[in-house]
Amino acid sequence: MLGLAIACVVSATAWVYLVAAHGGYWLTGQRLPRPGSGDPGAKAHPGNGAWPPVAAVVPARNEADSLPVTLPALLGQDYPGPFRVFLVDDGSDDGTGPVAAELGEKAAGDGGAPLTVVAGAARPDGWAGKVWAMAQGLAAAGDAAGDAPGYVLFTDADIAWGPTALRDLVRAAEADDRDLVSQMVLLRAQTAWERVIVPAFVYFFAQLYPFRTVNDPRRRTAAAAGGCMLVRRSALDAAGGLAPISGALIDDVAFGTLLKGNGGRIWLGLTTDIRSARPYPGLSSLWHMIARSAYTQLRYNPALLAGTLIGLLLLYAAPPAGVIAALIGWAAGGTGAGIAVAGLAGLAGWTLMTVSYGPMLRFYRLSPLRAPALPLVALLYAAMTADSARRHYRGQAVSWRGRAAARV
């Protein structure tokens, strides 16, 4: 009981720090200002009155089913300035290119943005598949006739855009002089397993990369969310383009790190105006989504893996274990100090953990009564992380849309 009591005290102390001093990671207030809100970033148009040209780059591999749901909204953005879309068909075998071209023709007839479908070339050695697709779209945007883009929007083929989302991004970038504005899109949380896994995924991501800290130019912490990254073209060029992160398998975090490391001002927040349309119908699909990159995030380092698993157990499993052990001990007539410390410290840690998860559940319009079960979700994530390492050592490479990346 003494060992568990010590673990509970350490965990409770860690939760006090996380809730009080870790960049407010558990709050959901980092969002773009709305026009009319009184925020300086919510002005109706950029400071100089002109809307800069924007080019959207959409890597797409085997996305024929997703595009009819998502591409028309992107092409139909209510953006006052010049706007073009470049979709890179990255070796699809399901007719992604022709589907995109047909949707582009229809959107053009309705006054939508021009669409260019780029046939992806073979991936060179040293390039991750998605980053190579992004690079080809970026090159096509630079070669296109007309206005050179002041901003490049990197997004995914499964992302559904609200009508004014692009306008809001550009307005925020111009008003606050940000070189990168990125938003964590609203992931699907409709099936039972999506409701268990998805809010925790965003919560854990924010715990690793507190948005408020990411947005502070004085802090080194950097990240981005790959479904929505609006970058100033001049800042990207100054950072060397995409070549410095050519091999990145977690491209969005690498992208944010690249821009901020080169002196760029970046911003990361949440949104409900941009949503992921990709379904995860069961635990297996969600498990793969996490496990395919978890060990990559740990740089394939066994020591980091062990530390992560121990940390998850200490932070999330120890508090409820302390409470349960204390209740059992008291029921059996125990009165030792170890029982009391384990129970009280465990309850404090579990309470802080539960409180910190509430805002994310509310953001996803889920009941806060789910919050006390976060330790069980964390154990699932620990298992997914361990499985990610297992896959790596068994030679199962990371894949993007059905294509394996080179093993590290």
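A single member of 112, 104, 129, 91 is small (Gly, Ala, Ser) and surrounded by fewer than 21 Cβ atoms within 10 Å (Cβ to Cβ), and it is 91. Note on region 153-182: among residues that are crowded, with 23+ Cβ neighbours inside 10 Å and of a type in the set (Lys, Arg), the one that is farthest from residue 275 (Cα to Cα) is 178. Within the set of pairs 6 or more residues apart or between chains, which connect a residue that is at positive phi inside region 22-34 to a residue that is part of a loop (DSSP other than H, G, I, E, B) with Cβ atoms less than 7 Å apart? From region 22-34, the pairs are 23/210; 24/210. One residue is enough: does region 75-83 have a residue meeting the conditions crowded, with 24+ Cβ neighbours inside 10 Å, closer than 25 Å to residue 122 by Cβ, touching a strand residue (DSSP E or B) at 6+ places or on another chain (Cβ under 8 Å) and in contact (Cβ under 8 Å) with a residue 60 or more places away in the chain? Checked region 75-83: no residue is crowded, with 24+ Cβ neighbours inside 10 Å, closer than 25 Å to residue 122 by Cβ, touching a strand residue (DSSP E or B) at 6+ places or on another chain (Cβ under 8 Å) and in contact (Cβ under 8 Å) with a residue 60 or more places away in the chain. Residues satisfying the criterion are absent from region 223-238 (criterion: within 18 Å of the chain's Cα centre (by Cα) and surrounded by fewer than 21 Cβ atoms within 10 Å (Cβ to Cβ)). Looking only at region 237-282, count how many residues are among the hydrophobic types (A, V, I, L, M, F, W, C) and at pLDDT below 95. Total meeting the criteria: 3.
Can you tell me which residues in region 186-221 are outside any helix (DSSP H, G or I) and either open to solvent by less than 10 Å² (accessible area, probe 1.4 Å) or closer than 20 Å to residue 282 by Cβ (or both)? Answer for region 186-221, where residues must be outside any helix (DSSP H, G or I) and either open to solvent by less than 10 Å² (accessible area, probe 1.4 Å) or closer than 20 Å to residue 282 by Cβ (or both): 187, 188, 189, 190, 191, 210. Of all residues in region 264-281, none that is without any contact (Cβ under 8 Å) to a residue 24 or more places away in the chain has its Cβ atom under 6 Å from the Cβ atom of a residue that is in a strand (DSSP E or B) and open to solvent by 20 Å² or more (accessible area, probe 1.4 Å), 6 or more apart or on another chain.
The values are calculated or read from the model by the stated rules, or taken from the named source; none is laboratory data. Worth saying up front: this structure is predicted, and the values here are computed from it rather than measured. Positions of Cβ are backbone-derived with ideal geometry, glycine not excepted, and every protein chain shown enters the neighbour counts. The protein model used for the area step is the full one, side chains on, heavy atoms only, and it has no ligands, DNA or RNA in it. Shrake-Rupley method; radii C 1.70, N 1.55, O 1.52, S 1.80 Å.
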